[in-house]
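Novice: My structure is below; once you've seen it, I'll send some questions.
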Amino acid sequence: MRKLTLFIASLLLIGGTTLTSCKNKETTISVCASELPHAKILKEAVAPILEEKGYTLEVDVLDWTIQNTEVATDQYDANYFQHIPYLNINNFEGDKELSAACKVHYEKLCLYASDKDENKKLDNGETIEIVNDVSNIERALLLLASYDILSINESCYNSKGEFENFDTTNPNSCVTFLEGYEDCKLTCILESNLCVNLPDYNFGVIPGNTALTGFGGGLSERIVLSEKATEETISERTNIICVKKSNLDSPKTKALVEACSDVRVKNYISTTFGDSVLYHYENLL
């Protein structure tokens, strides 16, 4: 009899755990994200707002190269690391298709010096590293072009004016350095290696989240030139909350999107990251 009682109690415990798990699953939002500024924004600004609405936000820092796959295969409800141009190139099809739920923040692209000298100027003959991701290369080149350092060759664009014909193995063949910079050289390398390899070059054009992660508190000391971003560029390149297309109308997605619109998120980003990260919210549901 005692064994039977223990067996029944075990079943009740298992059943209770299952019911609790199902209930928690409905109010737990899981998001994978890059470390900075994404995960920090989610944990310190968005999570408290969601808690007020009865949701628990769970955030895991993952390598950006696998985050879309993790969401597409239902390992996470959403990810937060990319902008729409990157998603358009790296999306899935069918029931795994992803979609932007909202835009949250924009990271300024900057030219960083390798020697932490904020007064350092780019001179002729110096070397510059840029990312080898085609969705971000044009943006790096446009930054340099805006300061009359180089011009982008027409051969980089197709008949529709889309930037796609860029040789990452020989980037100097795709641009023309202007007067005073004729002997400068570009090198394309993996985004994950931009910060660690910067000492091998005079300068690097590095995306904001990568610079924040790689340089930490020394970020501002290395900035030489900042992106002259238009409103159109900011909107296009703003980092997004991304979910499966089939989950766009889910209560959890709507709650996450609404939380990101809260003025407290805007204030947190401004106070924490200054001019290097700009709050730019757009609801895309």
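Novice: If contacts are Cα pairs under 8 angstrom and at least 6 residues apart, what is the relative contact order of the range 170-285 in percent?
Specialist: Here the relative contact order equals 16 percent.
Novice: So between residue 148 and residue 69, what do we pick up on full extension, going 0.36 nm a residue minus the alpha carbon distance?
Specialist: Length gained, residue 148 through residue 69: 24.5 nm.
Novice: Ok, one more. If you average 1/r across every pair of different Cα atoms in the chain and take the reciprocal, what Kirkwood value do you get, in Å?
Specialist: Kirkwood hydrodynamic radius for the chain: 20.8 Å.
Novice: Calculate the FRET efficiency for residue 56 and residue 196 from the Cβ-Cβ distance with a Förster distance of 30 Å, rounded to the nearest 0.05.
Specialist: 0.30
Novice: If you bin every alpha carbon distance in the range 233-285 into 10 Å steps from zero, what whole percent lands in each bin?
Specialist: P(r) for the range 233-285, in whole percents per bin: 22, 49, 26, 3.
Novice: Another question, if that's okay. List the trypsin sites (Lys or Arg not before Pro) within the range 141-250 that fall in a DSSP loop (any state other than H, G, I, E or B) and whose Cβ has at most 14 other Cβ atoms within 10 Å.
Specialist: 160, 228
Novice: Taking a probe of 1.4 Å, how large is the accessible area per residue of the range 152-285, in Å²?
Specialist: Result: 51 Å² per residue.
Novice: Select from 205, 81, 141 the residue farthest towards the positive end of the dipole of the chain; place +1 on Cβ of Lys and Arg, -1 on Cβ of Asp and Glu, and compute about the Cα centre.
Specialist: 81
Novice: Rounded to the nearest percent, how much of the accessible area of the range 157-248 (1.4 Å probe, protein heavy atoms only) is carbon and sulfur?
Specialist: After summing per-atom areas, the C and S share lands at 43 percent.
Novice: Mind listing which trypsin sites (Lys or Arg not before Pro) in the range 42-115 are in a DSSP loop and have 10 or fewer other Cβ atoms within 10 Å?
Specialist: Taking the range 42-115 and a limit of 10 other Cβ atoms within 10 Å, no loop trypsin sites (Lys or Arg not before Pro) are found.
Novice: Moving on to the next point. Among all helices in the chain defined by DSSP H, which have a length of 20 Å or more along the axis from Cα atoms plus a Kyte-Doolittle mean of at least -1.0?
Specialist: Once both thresholds are applied, what remains is 2-27.
Novice: Nearest-5 percent of antiparallel DSSP beta bridges in the chain?
Specialist: 60 percent
Novice: Lys/Arg Cβ at +1, Asp/Glu Cβ at -1, dipole of the chain taken about the Cα centre: which of 257, 240, 122 is farthest positive-ward?
Specialist: 257
Novice: What number, rounded to the nearest 500 deg cm²/dmol, is the helix-based mean residue ellipticity at 222 nm of the chain, given -39500 (n - 2.57) per DSSP H run of at least four residues and division by all its residues?
Specialist: Helix contribution divided over all residues of the chain: -10000 deg cm²/dmol.
Novice: Further, regarding this structure: Tell me, in nm to one decimal, what length is gained between residue 121 and residue 235 on full extension, where the rule is 0.36 nm per residue of separation less the Cα-Cα distance?
Specialist: 38.1 nm
Novice: Relative contact order (percent) for the chain, with alpha-carbon contacts under 8 angstrom and 6 or more residues of separation?
Specialist: Relative contact order comes out at 29 percent.
Novice: For residue 184, what is the net charge nearby, where nearby means another residue's Cβ is under 9 Å from its Cβ and Lys, Arg count +1, Asp, Glu -1?
Specialist: -3
Novice: Going through the cross-link list 43/254; 40/96; 185/244; 228/266; 96/185, which pairs have a Cα-Cα distance over 29 Å in this structure?
Specialist: 185/244; 96/185
Novice: Further, regarding this structure: Enter the Cα centre distance for the pair the range 201-274 and the range 47-108, rounded to the nearest angstrom.
Specialist: Result: 13 Å between the Cα centres.
Novice: Projected onto the charge dipole of the chain (+1 at Lys/Arg Cβ, -1 at Asp/Glu Cβ, origin at the Cα centre), which of 48, 268, 173 gives the Cα projection farthest towards the positive end?
Specialist: 48
Novice: Could you tell me the accessible area of residue 87 in Å² (1.4 Å probe, neighbours in place), rounded to the nearest ten?
Specialist: 10 Å²
The values are calculated or read from the model by the stated rules, or taken from the named source; none is laboratory data. Since we're looking at a predicted model, the values are computed, not measured. Note that we place each Cβ from the backbone using ideal geometry, even for glycine, and neighbour counts take in every protein chain shown. Side chains are part of the model used for accessible areas, which takes the heavy atoms of the whole protein and leaves out ligands, DNA and RNA. Shrake-Rupley method; radii C 1.70, N 1.55, O 1.52, S 1.80 Å.
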